[in-house]
Amino acid sequence: MAINVVLALMIMVSFLGAIALHEFSHALMASWLGDHTPQAEGRQSLSLRTHLDPVGTLMCVILAFQPAPGLGFGWGKPVKPDPWKMRVGANTGILLVAIAGPIFSLLIGVLVAAFAAVLAPIMGYNFLTLRVLQLLLVFASVNISLTLFNLIPLYPLDAYQIVYTLLPSKQAVQFAKSAPYGPFIILALFFLLPFIARLSGLGDFFLFQLAVYIWRGSMSIIALVIAPFHLGPDFILIYNL
């Protein structure tokens, strides 16, 4: 199946914006809670230089250039606040900072999808407007996919930090030992194992389709958001134009 280059480029551009907003929200929450360490490190900004992680960005690029459907998510540099500077206590503060990213990304994705639904009847449908609507849907999907992807409890994803703060001290120490292996496990789950599975004819097994399920989840949420606007089932297909 051919690769949709235009869609892949839209996904990559959307990811750059989405990951900057995602990491910014972590730093902003830390600042609201009284810790200005991320702000001093330049994380409370939309500068890509401070937020991009090379491996996390490469993951998005590889996924974007997969044959249809186009997928787009990865990870950025983790924001590391000082838990002892937060007014709400160390564990609570770290938990709130970790949760801020997925919630903010989900909110942005939902709002952008709703904006696209409002805009569609006003703009009409021609080549230019379809591309604008496609970019909005892609940006919404990438943001929502970031939320769903970050629910996996592996470092450096947000759910890892959430689980760590909720565990009792002894279990948290044991759980923290998995952190160095987190990126390798993610790459194995999303690239190595699916590749081996395709070669062995097991590519349809759900464990080897995690990226597709995350994308489908994002599109299902978008479908729920635009449902009240009565645009018809074909509207969401603009994503893969």
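What base-10 log of the normalised intensity I(q)/I(0) is obtained for region 37-101 from the Debye formula, alpha carbons as equal point scatterers, at q = 0.17, 0.19, 0.23 Å⁻¹? Debye curve over Cα of region 37-101, log10 I(q)/I(0) at q = 0.17, 0.19, 0.23 Å⁻¹: -0.71, -0.81, -0.97. Accessible surface computed residue by residue for region 50-196, with neighbouring protein chains in place and a 1.4 Å probe, gives 47 Å² per residue.
Contact order, relative form, for the chain: 22 percent (alpha carbon pairs under 8 Å, 6 or more residues apart, mean separation divided by residue count).
Hey, could you get me the Stokes-Einstein D for region 40-175, Kirkwood radius over alpha-carbon pairs, 20 °C and 1.002 mPa s, rounded to whole µm² s⁻¹? Don't jump to the answer; show the numbers that get you there.
Details: Rh = 16.9 Å.
This corresponds to a translational diffusion coefficient of 126 µm²/s.
Among the protein heavy atoms of the chain, carbon and sulfur supply 73% of the accessible surface, probe 1.4 Å, non-protein parts ignored. Counting only alpha carbon atoms, the long axis of helix 210-226 and the longest principal axis of the chain meet at about 70°.
Region 143-172 and region 1-49 have Cα centres lying 18 Å from one another.
Each part gets one Cα centre, and for region 180-241 versus region 56-104 those centres are 18 Å apart. Helical runs (DSSP H, four residues minimum) scored at -39500 (n - 2.57) apiece and divided by the length of the chain put the mean residue ellipticity at 222 nm at -20500 deg cm²/dmol. Short-range pairs are left out: with C-alpha atoms under 8 Å and at least six residues apart, the relative contact order of region 1-138 is 30 percent.
Taking the inverse of the mean reciprocal distance over all distinct Cα pairs, the Kirkwood hydrodynamic radius of the chain comes to 18.7 Å.
The values are calculated or read from the model by the stated rules, or taken from the named source; none is laboratory data. Nothing here was measured: the structure is a model prediction, and the numbers come from that model. Ligands, DNA and RNA are stripped out before the accessible areas are found, and what is left, the full protein with its side chains, is counted by its heavy atoms. Shrake-Rupley method; radii C 1.70, N 1.55, O 1.52, S 1.80 Å.
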